[in-house]
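The values are calculated or read from the model by the stated rules, or taken from the named source; none is laboratory data. These numbers were taken from a predicted model, which means no experiment stands behind them. All Cβ positions, glycine included, derive from the backbone under ideal geometry; neighbour counts span all protein chains shown. These accessible areas exclude ligands, DNA and RNA; they are computed on the full protein's heavy atoms, side chains included. Shrake-Rupley method; radii C 1.70, N 1.55, O 1.52, S 1.80 Å.
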Amino acid sequence: MNETASLRARAEIDLAALRANVRALRARAAGAQLMAVVKSDAYGHGAVPCARAALEAGATWLGTATPQEALALRAAGLGGRVMCWLWTPGGPWREAIEADVDVSVSGMWALREVVAAATEAGIPARVQLKADTGLGRNGCQPADWPELVSAARAAEEAGTLRITGLWSHFACADEPGHPSIAAQLTAFRDMVDYAGKEGVDPEVRHIANSPATLTIPEAHFDLVRTGIAMYGLSPSPELGTPADFGLRPVMTLAASIALVKQVPAGHGISYGHHYTTPRETTLGLVPVGYADGIPRHASGRGPVLVGGAWRRVAGRVAMDQFVVDLDGDTVEVGSEAVLFGPGDRGEPTAEDWARAADTIAYEIITRIGSRVPRVHLHATPAGS
């Protein structure tokens, strides 16, 4: 019995698989640097251990959404290039500048704040200008690009900042052949060319996310940003399975069966009695629920490997627990229930849960909550 067997539940994180995924993705984009995106606690896998493993495997940048995530990496002693891109007014610009974090700017309000913070700190800010090439979220519209570039260049000439990057993000890279892909690439090239004519000489130009890294080589430019693929999941079933891309899922979510009991036919299960036993059977109680990130939408459908066979959630997923019908099988209390993993042992995958919950695998892994401890396997010993 391993040391995690007594835990109510655990998410085992295979850092060896993560390193292998990073190497596979670097091979896909051999002419570009690789940014390991570790936002949202590394998609639920644990930001600091995953960031370290990615750097060990050759990633040269780390990417986060919020400045707080970036500053936490620095506080943990991680060096190298770190970028963050989701800012709101009054954010910790000075702290990020002093921590040598690249900050993303999408509009004039943000540029004004970062210039003020850099002036106050007495340190030039590392700034990346984001272009909205068609996603319609963050980023500067083409019509506003000349003003932003001109103001950023003036600040650069004054020594207040260094424009280190020009970047954008795809809307439909996970849909092969979607017309927006070519349109966004054209817009990005035009906006990069304009900035170049105005004197911008960035370290990196980047637009490729995981699906573009895997399938759109002309989008690789100087840097690719890999999130979901680094954790061994396919950005889209239409693009291929993880194995098709040489990737291996990193997270395995398991729990210990808390109770096994025999019940008669016609017995209602969980809230609302949306499931009643069709015959006399055995039930297994799995002690995780939607408070742990198990999607309630997967009630009656979510797959679980128990006792060597796939079972389905019987009835509703509750806050802390759900039930599986063991079809009369006898399973010991404390036995392992594997919700998802790589699939090597016949267990479901995160993609199976995504289908059961009518969502995407990204959501399945990132929603696993803090009550579920992360057990990091194959970490490199300190100082090695």
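Miscellaneous remarks
- The criterion of being more than 23 Å from Y271 (Cβ to Cβ), open to solvent by less than 10 Å² (accessible area, probe 1.4 Å) and either in contact with a helix residue (DSSP H, G or I) (Cβ under 9 Å, 6 or more places away or on another chain) or modelled with pLDDT under 95 (or both) holds for A350.
- In the condition set (1) surrounded by 14 or more Cβ atoms within 10 Å (Cβ to Cβ); (2) at positive phi, D358 is compliant with all but (1).
- The single residue among D329, D320 that is among the acidic types (D, E), farther than 15 Å from Y271 by Cβ, modelled with pLDDT of 95 or more and open to solvent by 10 Å² or more (accessible area, probe 1.4 Å) turns out to be D329.
- Total residues in segment 187-215, condition under 20 Å from the mean Cα position of the chain (by Cα) and not polar (S, T, N, Q): 6
- Figure legend. Inter-residue proximity from segment 131-153: first residues acidic (D, E), second residues in a loop (DSSP other than H, G, I, E, B), beta-carbon distance below 8 Å, spacing 6+ or different chains. Indicated pairs: D132/S106; D132/N138; D132/G139; D132/Q141; D132/S168; D144/G107.
- Selection from segment 247-271 of residues that are open to solvent by 50 Å² or more (accessible area, probe 1.4 Å) and under 33 Å from the mean Cα position of the chain (by Cα): R248, A258, Y271
- Count of residues meeting criterion [assigned to a helix (DSSP H, G or I), crowded, with 20+ Cβ neighbours inside 10 Å and in contact (Cβ under 8 Å) with a residue 60 or more places away in the chain] in segment 272-315: 1
- Criterion (modelled with pLDDT under 95 and either touching a strand residue (DSSP E or B) at 6+ places or on another chain (Cβ under 6 Å) or not aromatic (F, W, Y) (or both)) met by exactly one of G136, G196, G177, G165: G177
- Criterion violated by G196 - all others in (1) part of a loop (DSSP other than H, G, I, E, B); (2) without any contact (Cβ under 8 Å) to a residue 24 or more places away in the chain satisfied: (1)
- Flag not set for E238, criterion: within 30 Å of W145 (Cβ to Cβ), out of contact with any His (no Cβ under 6 Å at 6 or more places or on another chain) and either surrounded by fewer than 18 Cβ atoms within 10 Å (Cβ to Cβ) or modelled with pLDDT under 95 (or both).
- Just one residue in the set L253, L247, L214, L239 is farther than 22 Å from T164 by Cα and in a helix (DSSP H, G or I); that residue is L214.
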